[in-house]
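These notes are about the structure you will find just below.
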Amino acid sequence: MIAAGAEEALEQARDYTFRGRLTDAADATHQETATADCVDEETSPWPDPSGGCGADFLLCLSCENSRVHTGHHPRLALLRRQLISLRSSWPEKLWRKRWDEHLQRLDDLRTKVNESTWDAALARITDRDQMIVDHLLKGDLAP
């Protein structure tokens with residue numbers, strides 16, 4: 001049973017599409033993460049041995065528990081732009097291994113949101129968004 005759950009989580013992570021839901025606004029009952037809001041971290045496909053979710057925040061968008069609302073768009077649009085920018089400064093094989101699946105998921109999300117709406121969100125980036133994206137890309141944020 002545990003092996004089946006682990007296999008399902010692995011397959012879910014390999015699906016490079018946004019698997020959560022788009023919402024109109026934040027819900028105070030959801031836990032905010034660096035990339036989305038979480039409906040229920042206790043039912044994570046990547047459970048932490050000490051409880052809750054053990055996934056990298058970049059995997060939040062591959063989880064059915066994630067919720068993305070308009071307040072997330074600027075940060076996620078910035079993250080997408082930064083991942084594209086990193087591509088020219090990293091060896092291709094290394095970049096693909098570390099960042100490609102996340103960029104694909106962000107591209108899928110951008111299409112679902114609406115590309116012009118997504119791109120317009122870049123004008124609303126805050127210093128907090130910039131700080132969070134910087135920390136995400138440096139690997140400074142632990143789940």
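A compact table of results
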quantity: Complete set of residues in the stretch 29-64 that are small (Gly, Ala, Ser), within 22 Å of Leu137 (Cβ to Cβ) and assigned to a loop (DSSP other than H, G, I, E, B); calculated: Ala34, Ala36, Gly54, Ala55
quantity: Verdict on Arg128 being out of contact with any strand residue (DSSP E or B) (no Cβ under 9 Å at 6 or more places or on another chain), closer than 22 Å to Glu32 by Cα and exposed (fewer than 14 other Cβ atoms within 10 Å of the Cβ); calculated: yes
quantity: Set Leu79, Leu109, Leu83: member being modelled with pLDDT of 95 or more and touching a strand residue (DSSP E or B) at 6+ places or on another chain (Cβ under 8 Å); calculated: Leu109
quantity: Of residues in the stretch 52-67 being touching a helix residue (DSSP H, G or I) at 6+ places or on another chain (Cβ under 7 Å) and either within 13 Å of Asp15 (Cα to Cα) or free of Cβ contacts under 8 Å to residues at least 24 places away in the same chain (or both), the one most open to solvent (accessible area, probe 1.4 Å); calculated: Leu59
quantity: Residues that are charged (D, E, K, R) and in contact (Cβ under 8 Å) with a residue 12 or more places away in the chain, drawn from the stretch 107-127; calculated: Asp107, Asp108, Arg110, Lys112, Asp119, Arg124
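The values are calculated or read from the model by the stated rules, or taken from the named source; none is laboratory data. Computed from a prediction, not measured in an experiment: that's the story for all the values here. Backbone-built Cβ (ideal geometry, glycine too); neighbour counts: all protein chains shown. Just the protein is used for accessible areas: all its heavy atoms, side chains included, with ligands, DNA and RNA removed. Shrake-Rupley method; radii C 1.70, N 1.55, O 1.52, S 1.80 Å.
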